[in-house]
Amino acid sequence: MRKLIILVTLFTLVIASVADARIRVKGRGDRMNFDPDSIPANYRASFDLMSRKCVKCHTMERTVIAVQTGRAPITGQPFDRQAVKAYGIKMLRKPNSNMNKQEIREVVILLNYLLDENAR
Ligand code: HEC
């Protein structure tokens, strides 16, 4: 019995730490986004920027899935720090992206933070 209790406790701890490390997600499908409450205050401005600018051509679902799974959902390419930078530049260069370099830089820093949080 004692062994079982120890096992259950360990299991709960592992699950709790995994759930803790991950940035929470709200909504489904087109309404999916990172939960603003799980974004620290110093990243809020970048988060607002991303939530406004990166939904011009597609919803946030694409970005959320890429961060949560580590794979870009359309091409299936790995979505890591290097990819984040490449995608930032790719999205910036798209016609009518309506973003400048500084804005892309902010979103890239935010996405790297989100990736790091998920990896913990
Ligand atoms: C001007 C339109 C436009 C804007 C603005 C835009 N995207 Fe995209 N995005 C696309 C298109 C089109 C695709 C489809 C695949 C491709 O062209 O790479 C895409 C695909 C993606 C993918 C999936 C890529 C894959 O290979 O599976 C991610 C992730 C993504 N965008 C993130 C972002 C982020 C983050 C921003 C804001 C910095 C953003 N997008 C802004 C047009 C846009």
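Some observations on this one:
Table: residues versus (1) within 8 Å of the ligand (Cβ to nearest atom); (2) assigned to a helix (DSSP H, G or I).
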residue	(1), (2)
Asn42	no, yes
Ser51	no, yes
Thr63	yes, yes
Ile74	yes, no
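- Any hit, the stretch 37-56, residues being surrounded by 16 or more Cβ atoms within 10 Å (Cβ to Cβ) and basic (Lys, Arg): yes
- Residue check for Phe34: at pLDDT 95 or above and away from the ligand (no atom under 11 Å from the Cβ): yes
The values are calculated or read from the model by the stated rules, or taken from the named source; none is laboratory data. Owing to the predicted nature of the structure, the values given are computational and were not obtained by experimental measurement. Heads up, the Cβs are rebuilt from the backbone with ideal geometry, glycines too, and the neighbour counts pull from every protein chain shown.
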